[in-house]
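Let me begin by presenting the structure, written as structure tokens, before commenting on it.
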Amino acid sequence: MKWMSPLRVTMQELDARLSKIVERAREGPVAVNRYGSPWVWIVSHQAWVQADNLRALVPQSHPLVALRDQVEDTLRCERTLLAELERQHGGTVDAATLFKSLVLQIIYSLEDAQKVHESLAYNMLFRWFVGFERFADELPARAAFARELEAFGGDPRAVRVVTRCLSGSFLPESGDGDFRVNRGLLHALSNWAPAPDARPRETAP
């Protein structure tokens with residue numbers, strides 16, 4: 001959101017005409033100067049909501065937009081599974097956030113959970129994709145996030161749902177470029193995650 005040619009006032013003017021200046025801020029942001037330098041802004045609620053909205057940064061044509069819709073449609077049908085995964089793997093981080101973070105890891109070939117968290121710290125598109133709505137939303141603690149995402153990626157039920165989402169997607173296969181399904185990583189997760197009914201076999205004495 002661009003604030004063009006905002007009203008600028010001094011602290012003295014603010015003290016003398018506060019009510020009128022606040023009224024002007026409903027029409028457009030007001031910059032308040034102190035000792036000749038910018039100090040604070042006065043903005044309307046609507047302007048603040050728009051400025052703090054991550055969705056405003058997301059191009060409608062970006063493939064993550066369509067993919068997020070597809071993933072969320074899948075998650076709406078998997079509420080019971082998400083609740084079970086959250087209960088089983090700690091519950092510090094929302095299960096839907098972990099699921100979408102795992103999708104990001106696979107399509108952007110991020111080598112581990114630590115790298116996923118690092119990417120969420122600076123990539124606002126990634127942050128929006130996994131479910132954060134505002135700049136001010138705080139990321140989960142790095143250690144807890146990494147631990148739970150690794151557990152999530154090691155659960156065959158979660159991997160099967162991710163595979164189902166990405167197998168029917170429009171995304172290209174692994175290769176050059178950033179936005180591609182890393183089938184190798186997806187296959188490795190599928191092989192690494194134990195089958196849900198696997199049990200150690202008893203050996204004859």
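Would you point out the residue of the range 101-129, among those that are in a loop (DSSP other than H, G, I, E, B) and in contact (Cβ under 8 Å) with a residue 60 or more places away in the chain, that is surrounded by the most Cβ atoms within 10 Å (Cβ to Cβ)?
From the range 101-129, those in a loop (DSSP other than H, G, I, E, B) are 108-112, 123; that's our starting set.
Next cut, in contact (Cβ under 8 Å) with a residue 60 or more places away in the chain only: 108-109.
Values: Tyr108: 18, Ser109: 15.
Residue satisfying both the conditions and the ranking: Tyr108.
Would you pick out the residues in the range 135-147 that are hydrophobic (A, V, I, L, M, F, W, C) and part of a helix (DSSP H, G or I)? Break it down into steps so the answer makes sense when it comes.
Within the range 135-147, the subset hydrophobic (A, V, I, L, M, F, W, C) is 135-136, 139, 141, 143-146.
Result: Ala143, Ala144, Phe145, Ala146.
For the range 82-96, which positions are buried (at least 22 other Cβ atoms within 10 Å of the Cβ) and within 15 Å of the chain's Cα centre (by Cα)?
Here is the first cut: in the range 82-96, the ones buried (at least 22 other Cβ atoms within 10 Å of the Cβ) are 85, 93, 95.
Scanning the range 82-96 gives Val93, Ala95.
Name, by its number, the condition in (1) at pLDDT 70 or above; (2) of a type in the set (A, V, I, L, M); (3) over 24 Å from Trp128 (Cβ atoms) that does not hold for Val71.
So the condition that Val71 fails would be (3).
In this structure, does Gly168 turn out to be among the small types (Gly, Ala, Ser), modelled with pLDDT under 75 and open to solvent by 20 Å² or more (accessible area, probe 1.4 Å)?
Details: among the small types (Gly, Ala, Ser): yes; modelled with pLDDT under 75: yes; open to solvent by 20 Å² or more (accessible area, probe 1.4 Å): yes.
So Gly168 fits the description; yes.
Please go through the range 70-90 and pick out each residue that is hydroxyl-bearing (Ser, Thr, Tyr) and in contact (Cβ under 8 Å) with a residue 12 or more places away in the chain.
Step one: filter the range 70-90 for residues hydroxyl-bearing (Ser, Thr, Tyr), giving 74, 80.
Thr74, the sole residue that qualifies.
The conditions are (1) in a helix (DSSP H, G or I); (2) within 21 Å of Arg79 (Cα to Cα); (3) within 9 Å of the chain's Cα centre (by Cα), and Phe132 fails exactly one of them. Which is it?
In the conditions (1) in a helix (DSSP H, G or I); (2) within 21 Å of Arg79 (Cα to Cα); (3) within 9 Å of the chain's Cα centre (by Cα), Phe132 misses (1) alone.
The values are calculated or read from the model by the stated rules, or taken from the named source; none is laboratory data. Since this is a predicted model, take the numbers as computed values, not measurements. Cβ coordinates were reconstructed from backbone atoms using ideal geometry, including for glycine residues, and neighbour counts include every protein chain displayed. The area values use the complete protein model at the heavy-atom level, side chains included, leaving out ligands, DNA and RNA. Shrake-Rupley method; radii C 1.70, N 1.55, O 1.52, S 1.80 Å.
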